[in-house]
Amino acid sequence: MKQNSYNNVIVSRSAIVSNYLYLKSKLKDGKKTLAMIKANAYGHGAREVALALQGAGCSVFGVAETREAVHLRENGLKGEIFVMMGFTHDAVSLFFEYDLTPVVFSLEAIECLSEAAAACGKDIGCHIKVETGMGRLGFEPDQAIDIARKIDSLPGVFVAGLLSHFPESEDPQAASTQNAYALFSELCTEFKTEFSSICHLANSGAMLNFPEAHFDMGRVGISLYGYHPEGDNVGVEHGLIPAMSFATQVLQVKEYPAGVGISYGHTFTTSRRTKLAVLPVGYEDGYMRSLSNCGEVLVRGQRAPICGRICMNICMVDVTDIDGVEAGDEVVLLGRQEDETITADDIATWANTISYEVLCMIGHTNKTIYID
Ligand SMILES: *Cc1c(COP(=O)(O)O)cnc(C)c1O
């Protein structure tokens, strides 16, 4: 993390808490909400987000890898922490030492957990991941019951849950969503006759758009941070509040006549007398090169377009039509300035990606200030 930088990521913990409470209110009583704080809480800072959510009553969290879970435990997180992506076998003891919850998708991992459990005299509950059309991790649906029986037959391990993941959760009508839902529902019914475990399937999209798919727990990621998987600023329509802003300042203002090439490759040529503001932000700061000649930033409450290629630590914006811009002026790349707002969905549209990636990229490398 860069100290003393021109660039600051600003995160509102209260926005995340408010999104959490709102999402939780979408679930019927007795169902749980798992807060996804993998990827450093989608760039917002895993420790700060997790502790803020813990303060708001959240007691179930999810990360990708064991190292992230260990970091959170060491920072005082008390609830259940799901490790979604398995583990290298030399890390199995961490599940017992730090009381972590494994998601399992291979028999080898289950046997490894069983041996480690026997060795330390503790039992561990496993959540079985099944593949229902994502083409990603998991046992095939027709293996699930056998795997669950196998788990129950091994010492030290027991079946605590069954889960799957939607490829297009934001669209309940999509064939993939309907298929995954039908497969999972059937499996879940069968499961519950034999195992006292929970079933969970919904991520943000299903949490907001597909209540039938809530089962026993929703796993919310992007919506906690104020966005909807659909993009297009749909999150705001659902009452979600974006939590991250990103700001810098003008490094220098330059004036050029018409016909001057700007930045690497001269992909932009001034078409009139042009005032450019040079900004100390580039792709190293998570401001992606694909925003070259198509992004916008806010200066003095107005939109200024990116001119030319984004460099490693610098980019230029056209401020010809904005009065009085000078070195040191605040520039907002993500977030609100006066009456204008740029969202991660806007940036994602310009850069041909999704809000998730924008938040991760910007959040990962910059100094973060928590405003509340
Ligand atoms: C990341 C992830 C989620 C959260 O998804 P969002 O779309 O961010 O809500 C839920 N479940 C699994 C298995 C995930 O990997």
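The values are calculated or read from the model by the stated rules, or taken from the named source; none is laboratory data. Since this is a predicted model, take the numbers as computed values, not measurements. Please note: Cβ atoms are built from the backbone with ideal geometry, for glycine as well, and neighbour counts cover all protein chains shown. Heads up: the accessible areas ignore ligands, DNA and RNA and are worked out on the full protein's heavy atoms, side chains in. Shrake-Rupley method; radii C 1.70, N 1.55, O 1.52, S 1.80 Å.
Sort the chain into rounded, prolate or oblate with this rule: let a ≥ b ≥ c be the square roots of the eigenvalues of the Cα gyration tensor; rounded if a/c is under 1.5, and if a/c is not under 1.5, prolate when a/b is larger than b/c, oblate otherwise.
On the way: a/c = 2.51, a/b = 2.17, b/c = 1.15.
Prolate is the answer for the chain, as a/c is 1.5 or above and a/b outweighs b/c.
Taking the Cβ-Cβ separation of Glu65 and Glu330 as r and a Förster radius of 56 Å, what is the calculated FRET efficiency to the nearest 0.05? Walk me through the numbers on the way to the answer.
On the way: r = 37 Å, r/R0 = 0.65.
That pair, Glu65 with Glu330, gives E of 0.95.
Quick check: residue separation of Glu186 and Tyr264 times 0.36 nm, minus the Cα distance between them. What number comes out in nm?
Gain on extension, Glu186 to Tyr264, equals 22.4 nm.
Taking Lys254 as the anchor, which aspartates and glutamates have their alpha carbon closer than 16 Å to its alpha carbon, excluding any fewer than eight residues away along the same chain?
Cα-Cα hits under 16 Å: Asp318, Asp321, Asp323, Glu326, Asp329.
With angles folded into 0 to 90 degrees, how steeply does helix 355-365 sit against the dominant principal axis of the chain? Use alpha carbons for both and round to 10.
80 degrees
Rounded to the nearest 20 Debye, what is the dipole magnitude of segment 127-271 about its Cα centre when Lys and Arg each give +1 and Asp and Glu each give -1 at the C-beta? Intermediate results must be reported in sequence, preceding the final value.
On the way: 7 positive and 17 negative charges, 116 e Å.
My answer is approximately 560 debye.
I'd like the isolated cysteines in the chain, meaning no second cysteine's beta-carbon lies under 4.7 angstrom from theirs.
Cysteines lacking a close Cβ partner in the chain: Cys58, Cys112, Cys120, Cys126, Cys294, Cys307, Cys311, Cys315, Cys360.
To the nearest 0.05, what FRET efficiency results for Asp339 and His89 with a Förster distance of 56 Å applied to their C-beta separation? Don't skip to the answer; put the middle values down first.
Working: r = 55 Å, r/R0 = 0.99.
The pair Asp339/His89 has a calculated efficiency of 0.50.
Report the extension gain between Asp232 and Met134 in nm, rounded to one decimal, defined as 0.36 nm multiplied by the number of residues separating them, less their alpha carbon distance.
Numbers: separation 98, 0.36 × 98 = 35.28 nm, distance 2.31 nm.
Residue separation times 0.36 nm, minus the Cα-Cα distance, leaves 33.0 nm.
For segment 257-270, in order, what is each residue's ³J(HN,Hα) by Karplus, 6.51 cos²θ - 1.76 cosθ + 1.60 with θ = phi - 60°, in whole Hz (x at glycine and Pro)?
Using θ = phi - 60°, the values come out as x, 5, x, 9, x, 10, 6, 3, x, 6, 6, 10, 10, 4 Hz.
Over 24 Å between Cα atoms, which of Lys28/Lys192; Lys31/Lys150; Lys129/Lys150; Lys38/Lys367; Lys78/Lys192 qualify?
Numbers: Lys28/Lys192 19 Å; Lys31/Lys150 27 Å; Lys129/Lys150 14 Å; Lys38/Lys367 19 Å; Lys78/Lys192 28 Å.
Flagged as over cut-off: Lys31/Lys150; Lys78/Lys192.
Given the peptides 13-19, 255-261, arrange them by the average over their residues of other C-beta atoms within 10 Å, most packed first. Each step should come with its number before you reach the end.
Working: 13-19: 21.4, 255-261: 12.3.
The densest-packed peptide leads the list: 13-19, 255-261.
For an R0 of 30 angstrom, estimate the FRET efficiency from the Cβ-Cβ distance between Asp142 and Lys122 and round to the nearest 0.05.
Details: r = 31 Å, r/R0 = 1.04.
That gives a FRET efficiency of 0.45.
Of all accessible surface on the chain at a 1.4 Å probe, what whole percent is carbon and sulfur? Each step should come with its number before you reach the end.
On the way: 7580 of 15690 Å².
Of all accessible area on the chain, carbon and sulfur atoms account for 48 percent.
So, for the chain, what is the accessible surface per residue at a probe of 1.4 Å, expressed in square angstrom?
Values: 15690 Å² over 372 residues.
On a per-residue basis, the chain sits at 42 Å².
Relative to the first principal axis of the alpha-carbon coordinates of the chain, what is the inclination of helix 13-25, with its axis defined by its Cα atoms, in degrees from 0 to 90 and to the nearest 10?
Approximately 40 degrees, to the nearest ten.
Please compute the modelled spin-label separation between His364 and Met312, points set 7 Å along Cα→Cβ, answer in nm with one decimal.
Between Met312 and His364, the label points sit 1.7 nm apart.
Take peptides 298-307, 132-141, 355-364 and line them up by average Cβ neighbours within 10 Å, highest first, as a rough protection proxy. Don't skip to the answer; put the middle values down first.
On the way: 298-307: 19.4, 132-141: 16.5, 355-364: 22.9.
Going from most to least packed, we get 355-364, 298-307, 132-141.
Can you bin segment 138-218 into rounded, prolate or oblate? Criterion: square roots of the alpha carbon gyration tensor eigenvalues sorted a ≥ b ≥ c, rounded for a/c under 1.5, prolate for a/b above b/c, oblate for the rest. Don't skip to the answer; put the middle values down first.
Values: a/c = 2.54, a/b = 2.05, b/c = 1.24.
Prolate is the answer for segment 138-218, as a/c is 1.5 or above and a/b outweighs b/c.
Mind ranking 197-209, 173-185, 269-281 by how tightly packed they are, going by the mean number of other C-beta atoms within 10 angstrom, highest first?
Details: 197-209: 24.2, 173-185: 16.9, 269-281: 18.9.
Peptide ranking by packing, descending: 197-209, 269-281, 173-185.
Report the charge-dipole magnitude of the chain in Debye, nearest 20, computed about the Cα centre from +1 at each Lys and Arg Cβ and -1 at each Asp and Glu Cβ. Could the numbers behind the result be given before it?
Values: 29 positive and 46 negative charges, 152 e Å.
It comes to approximately 720 debye.
Roughly what % of Cα-Cα distances in segment 259-324 sit above 19 Å, to the whole percent?
Working: 522 of 2145 pairs.
Within segment 259-324, distances greater than 19 Å cover 24 percent of Cα pairs.
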